[in-house]
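Have a look at the structure below before the remarks.
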Amino acid sequence: MKRILHVGVGPLGIRILKDLHAREVGHVVAAVDTSPELANHSLAELVPGASPAVRIKPSLESVDNWDAIDCAIVTTSSDLRSCADTFRALLSRGLAVVSTCEELVYPWLRHVALAEELDELAKRHGGRLLGTGVNPGFLMDALPVFASSVCHRVRSVEAYRVQDASARRIPFQKKIGAGLDDAQFAQQVRDGTLRHVGLGESLHFIAHSVGLEIERWQEDIEPVKATRDLQSGVGPIPRGRIAGVRQVARGYCDERVVVSLEFQAAVGQLDPYDRVVIDGEPRVDVVIPGGVHGDIATSAIVINSLPRVLEARPGLHMMSTIAMPACVVK
């Protein structure tokens, strides 16, 4: 059983920690979170089954059992620059790291120099680094790429994720603008605090992996309004208020759309689904009725990717450069 350092004990982190113990696939020997409210608390207070001896440390500098750690999970931020120092510290110790940082799924889109630095650091010290999740990380990037393996040629790729956010964790509902009015939604979009992070990364991951040239790309965002009174984790949402967000990214070559991704998440969303359409030979059209539950799947793919990252060559990885993860049933 792998000995794990977990960084980021928020709602998603706690979900992953609980699943690790429930599935008996990893043993958490150290935990870090910068929140003063969590400092020095026993991890067992938040995660049944965790060792009472594991105390949540306020920083990586406070960790004192590095020799007992095989790998790390990082669930702190969507922004790669915010996570960079954490990744540097872990990679310099030669650890294998799996993170839910959305920009890490394809960091060469926005952070070329930083991606090259982390790749070189990992190779120098024998570390490994992977960004993954349900989306980005699988449904709108790795899944379409893997589905293309049955095609002789691909002309374009489309992916759709339409989900009911009612069952998602509260931070996710806040991130999609649930409960806001029009002015608040517009302001948060301008501030860059309201958006699905990673759609551009997914688009460029697909183009890179399949070999589709992208000459230019664009991303649009708009609110999804409640058509009826709703209840949510952030409180009541009256009819006409914001229930969620719709975001579309398109990549063009010769003014033709070659990659199109549509993400819509809203509280009370009717008929949710996930879908991948490949215009190729043969045509591929895969639909998951009801869609994939994001929190369950994010935890699963992080845990299932750990063995693949541990066995991968040192360096910065994408989902396409490690062996395909799978849920191994004992």
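Read the figures in this text as sums done on the coordinates, not as results from a lab. Given the structure is predicted, the values throughout are model-derived calculations rather than measurements. Positions of Cβ are generated from backbone atoms using ideal geometry, with glycine treated the same way; all protein chains shown enter the neighbour counts.
Can you compute the FRET efficiency between I170 and E255 using 1/(1 + (r/R0)^6), with r the Cβ-Cβ distance and R0 = 41 Å? Round to the nearest 0.05.
Using R0 = 41 Å, I get an efficiency of 0.45.
Would you list the P(r) distribution for the chain, with all Cα-Cα distances sorted into 20 Å bins from 0 and each bin expressed as a whole %?
Taking all Cα pairs of the chain, the binned fractions are 31, 59, 11 percent.
If we count other beta carbons within 10 Å of each Cβ, what is the order of T193, T100, T76, fewest first?
T193, T76, T100
Nearest 5 is fine: what % of DSSP beta bridges in the range 1-152 come out antiparallel, could you say?
5 percent
Is the C-alpha gyration tensor of the range 142-291 telling us rounded, prolate or oblate? Criteria: a/c under 1.5 is rounded; beyond that, a/b larger than b/c is prolate, otherwise oblate.
Prolate.
Output ³J(HN,Hα) for the range 205-214: one whole-Hz value per residue in order, computed from phi by the Karplus curve 6.51 cos²θ - 1.76 cosθ + 1.60 with θ = phi - 60°, and x for Gly and Pro.
Working through the residues one at a time gives 4, 4, 4, 4, 6, 8, x, 8, 6, 10 Hz.
Only residues of the range 67-83 count here: report those whose backbone N is under 20 Å from the spot 7 Å along Cα→Cβ of E120, or say none.
80-83
For the range 167-231, take the alpha-carbon Rg, divide it by the Kirkwood Rh, and send me Rg/Rh.
Value, to two decimals: 1.08.
Could you tally the net charge around G198, taking each other residue with its Cβ under 13 Å from the Cβ of G198, Lys/Arg +1 and Asp/Glu -1?
Summing Lys/Arg as +1 and Asp/Glu as -1 gives -2.
State, as an integer percentage, the relative contact order of the range 142-291 based on alpha-carbon contacts under 8 Å between residues 6 or more apart.
37 percent
Take the chain, mark every one of the GluC sites (Glu not before Pro) that falls in a DSSP loop and has at most 14 other Cβ within 10 Å, then report the longest stretch left between them, sites excluded.
Counting at most 14 other Cβ atoms within 10 Å as exposed, the longest clean stretch of the chain is 38-212.
Eigenvalues of the Cα gyration tensor times 5, then square-rooted: what semi-axes does that give for the range 229-330, in whole angstrom, largest first?
Values for the range 229-330, descending: 31, 24, 14 Å.
With a 10 Å Cβ neighbour count serving as the proxy for reagent exposure, in which order, fewest first, do M318, M324 appear?
With the sparsest Cβ surroundings first, the list reads M324, M318.
Where does the chain land at 222 nm, in deg cm²/dmol rounded to the nearest 500, when only DSSP H runs of n ≥ 4 count, each adding -39500 (n - 2.57), divided by all residues?
-8500 deg cm²/dmol
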